[in-house]
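Where a number appears in this text, it was derived from the coordinates with a stated rule and is not lab data. Predicted model only: the values in this text are computed from it and were never measured. Heads up, the Cβs are rebuilt from the backbone with ideal geometry, glycines too, and the neighbour counts pull from every protein chain shown.
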Amino acid sequence: MGLFDKLRNEFIDIIQWEDSSGDTLVWKFPRYNNEIKMNAKLTVRESQQAVFLNEGTIADVFQPGMYTLQTQNMPILATLKGWKYGFESPFKADVFFISTRQFVDQRWGTKNAITLDDPRFGMIELRAFGTFAFRVIDGGKFIKEIAGTEGQFTTDEINGQLRSLMVTKFTNAIGSGNIPVDKLAANLEELSQACQDKLNEDFDAYGLKITKFLVENVSMPDDIKKEIFDYSRLNRIDMQKLAQFKTAQSIEIAAENPGGIAGMGVGLGVGMNMGNVVANSLSNAGNTAAQTQNTPPPLPGSVQFFVASGTEQTGPFGNDQLTQMVQTGTLKRETLVWKAGMAQWTAAAAVAELSTLFNNVPPPLPA
């Protein structure tokens, strides 16, 4: 037997791991078929754990520190090997060192689009990506559930499993987080925390902890983004101004038609109806915005008329305003008026709702 073989057969009396890789999670101490001497020195550095296995069964787990291996500090291994009265001879055991430091700047992302059912926009496909950090908190659980008895286990080998779990939990967090899809970009921090909490509920069973989870971006198809932007803009528009704007557009179109005042009246009616349709649909779809503005509905029976002034239309005016206009002479019997539902502009005295306003006003002097 040569000198090298003789040295290899010497009992091991120093057990330690000097990690310089930066990405190794598990490292098996090489015994080279030699035995571990009782009273050997075990050094577990900060951010490490040492796990002893006996014939594939997890025995004792050592936290950072320096140990002299004896039956007293290896109670589980001593029980497994039947050391009832102490043991001074060499023994065989598999020793795994686990890195418990924090592994940062790990990337995650959705390979395929996530389908989400939004109550306002229907089925939407989302993609997301970000970063996360994790550490091993229980070396025994981690070896049993993830690493197995591989001699070396790196972050690359576990990241695939972690990413799959993260995408699943991200989907659940969006579905149960009550965050509207158009508010996701403004609530990434809240979404990130919700995902981290859900992930740690499962990762504890693997001996892992997610120390940081960040959603950096959530994207969706361009047509959905445009729809959300349009909805957001319309949701902020004053419904009264929107109706007036639509009416003005209709009058402008009607003025280009040969129908004259009649055509103008029809166009005005169309414009008002368009405005009412838009206002009603947005009001029904955006109850939340309406509640926030606390705008009361019009009083029952409050009819508003548009009044022709030369070649322009003014208004709309309520009953009190119309009464004052009659008294000041601004509104006369022959003045053309119009309201929603009328086929064309009509003289004020011919409209039933307005005819009583002229009871106290003398008729025009005969020519």
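Worth pointing out:
- Straight-distance crosslink candidates among lysines, where the alpha carbon sits under 29 Å from residue 81 and sequence neighbours closer than 8 are dropped: 6, 28, 37, 41, 92, 141, 144
- FRET efficiency estimate (nearest 0.05) - Cβ-Cβ, residue 314 to residue 253, R0 25 angstrom: 0.85
- Contact order, relative form, for the range 302-361: 28 percent (alpha carbon pairs under 8 Å, 6 or more residues apart, mean separation divided by residue count).
- The per residue volume of the convex hull around the alpha-carbon atoms of the range 106-214 is 91 Å³.
- Note on the range 153-230: Lys pairs 8 or more places apart or on different chains, Cα atoms under 25 Å apart, count 11.
- Less than 5 angstrom separates the built amide H of residue 137 from those of 208, 209, all sequence-distant by 5 or more or on a different chain.
- Annotation: amide H of residue 347 within the under-5 Å range of 337, sequence separation 5 or more or interchain, hydrogens built in the peptide plane.
- For the pair residue 24 and residue 217, label points projected 7 Å from Cα toward Cβ lie 3.6 nm apart.
- Where labels lie 7 Å past Cα in the beta-carbon direction, separation of residue 149 and residue 63 in nm: 2.9 nm
- Residue 120 versus residue 101: modelled label distance in nm, points set 7 Å from Cα along the beta carbon direction: 4.7 nm
- In the range 302-361, the C-alpha radius of gyration followed by the widest Cα-Cα span (Dmax) gives 10.3, 28 angstrom.
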